[in-house]
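Down below is the structure, laid out as structure tokens.
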Amino acid sequence: MPRDSFNREIDYLRISVIDNCNLRCVYCMPLEGLRFLPREELLTPAEIELVVRAAVSVGFRKFRLTGGEPTLRADLLEIVERLAAVPGLGDLALTTNALLLPKLAMPLKAAGLKRINVHLDSLNPLTVERQMRWGSFARVWEGIMAAEAAGLVPIKLNAVVAAGYNEEDVVDLAALTIARDWHVRFIELMPLGGGECATLSIKRYVSNIETRRRIEVALGPLMEFESSNPSDEARNYRLPGASGVVGFISPVSEPYCGTCNRMRLTADGKFHLCLLNDDEMDVRKAIRTGGGMEAVARILVRAVELKPTGHHLLEGRSTRDRSMYQIGG
């Protein structure tokens with residue numbers, strides 16, 4: 001298993017397969033001025049498989065497909081089938097907004113996908129339309145139900161909390177875990193990429209300290225327990241008598257850089273060394289100039305060695321070259 005220069009074990013690769021999305025969440029994508037990668041600049045299914053085989057060969061075991069919105073890739077099932085067949089691959093998951101899961105959940109499970117995370121910021125249909133834009137709560141919920149029926153479990157819901165939008169809705173989201181064995185995680189806003197979305201992320205920031213307080217006032221004390229994964233980005237709790245888990249992902253108020261085990265691959269084939277830094281290494285160029293698995297593995301190992309110690313949000317610095325939808329979260 002590769003270790004970076006700070007002795008962190010890096011064994012988790014998040015793979016963005018597309019930068020387009022069928023939503024326009026207020027903190028992620030503006031409504032105008034967007035340019036998406038042409039098809040020829042995206043890594044092909046075979047190229048993604050090559051990267052994953054190289055990653056497995058150096059000790060990576062956990063993989064997640066992200067976007068943009070990954071279900072917009074017409075060849076997503078081929079990608080999943082190829083990766084699921086890689087010997088030594090441990091876990092294969094997907095992050096999605098669930099809008100297309102009613103038709104895709106069963107085929108994805110059959111192709112070899114194991115789990116999903118769903119982005120849902122509120123159970124209030126009006127808030128979903130306002131905050132997630134172009135979204136429909138009913139369609140997202142239908143997708144979640146389809147995923148659960150297909151066996152893509154445990155269901156994990158990710159909610160980004162923004163002041164003036166959904167900070168009061170966190171109670172209803174957390175309450176889902178009382179009767180359901182779901183994981184509901186609350187994520188602090190992070191300013192990425194500059195522009196209006198980064199500005200909103202700063203102005204609308206809500207600390208998870210406040211989110212937790214709001215949940216406990218309404219639903220009772222949260223009891224912390226240790227995750228079985230020491231690199232889990234969430235601090236996990238249970239409500240009294242609950243079946244599921246309430247988690248808090250707090251990159252601003254409680255940074256978890258010291259236990260980070262992640263590397264990211266952008267849709268255009270760059271290893272992005274840290275979510276909140278601009279450092280990248282080009283792997284697509286190596287592949288398309290004849291480099292095979294060994295060449296990709298060398299680049300990945302070097303990327304791990306160069307991984308920064310952490311972000312610099314508290315000093316007012318974040319990534320300027322890419323926005324969240326271009327990295328994959």
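Remarks
- Test for residue 16: is it surrounded by 21 or more Cβ atoms within 10 Å (Cβ to Cβ), within 25 Å of residue 289 (Cα to Cα) and modelled with pLDDT of 95 or more: yes
- Scanning region 250-275 for residues that are open to solvent by 10 Å² or more (accessible area, probe 1.4 Å) and among the hydrophobic types (A, V, I, L, M, F, W, C) gives 252, 257, 260, 274, 275.
- Tally, over region 217-237, of residues that are in contact (Cβ under 8 Å) with a residue 24 or more places away in the chain and more than 22 Å from the chain's Cα centre (by Cα): 3
- In region 156-202, the qualifying residues are those that are of a type in the set (Ser, Thr, Tyr), touching a residue at least 12 places away in the same chain (Cβ under 8 Å) and within 28 Å of residue 277 (Cα to Cα), and the one that is most open to solvent (accessible area, probe 1.4 Å) is 165.
Listed here are the residues, each with its yes/no results for (1) within 30 Å of residue 203 (Cβ to Cβ); (2) more than 17 Å from the chain's Cα centre (by Cα); (3) open to solvent by less than 10 Å² (accessible area, probe 1.4 Å).
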{"residue": "11", "(1), (2), (3)": "no, no, no"}
{"residue": "36", "(1), (2), (3)": "yes, yes, no"}
{"residue": "74", "(1), (2), (3)": "no, yes, no"}
{"residue": "79", "(1), (2), (3)": "no, yes, yes"}
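- If you go through region 118-155 and pick out every residue that is open to solvent by 40 Å² or more (accessible area, probe 1.4 Å) and closer than 19 Å to residue 91 by Cβ, you end up with 3.
- Hey, residue 147 on the phi > 0 side of the Ramachandran plot and modelled with pLDDT of 95 or more or not: no
The values are calculated or read from the model by the stated rules, or taken from the named source; none is laboratory data. It should be emphasised that the depicted structure is a prediction, and the values quoted were computed from it without experimental measurement. With ideal geometry, Cβ positions are generated from the backbone for all residues, glycine too; neighbour counts draw on all protein chains shown. Each accessible area value is taken on the protein alone, full model and side chains, heavy atoms only, with ligands, DNA and RNA left out. Shrake-Rupley method; radii C 1.70, N 1.55, O 1.52, S 1.80 Å.
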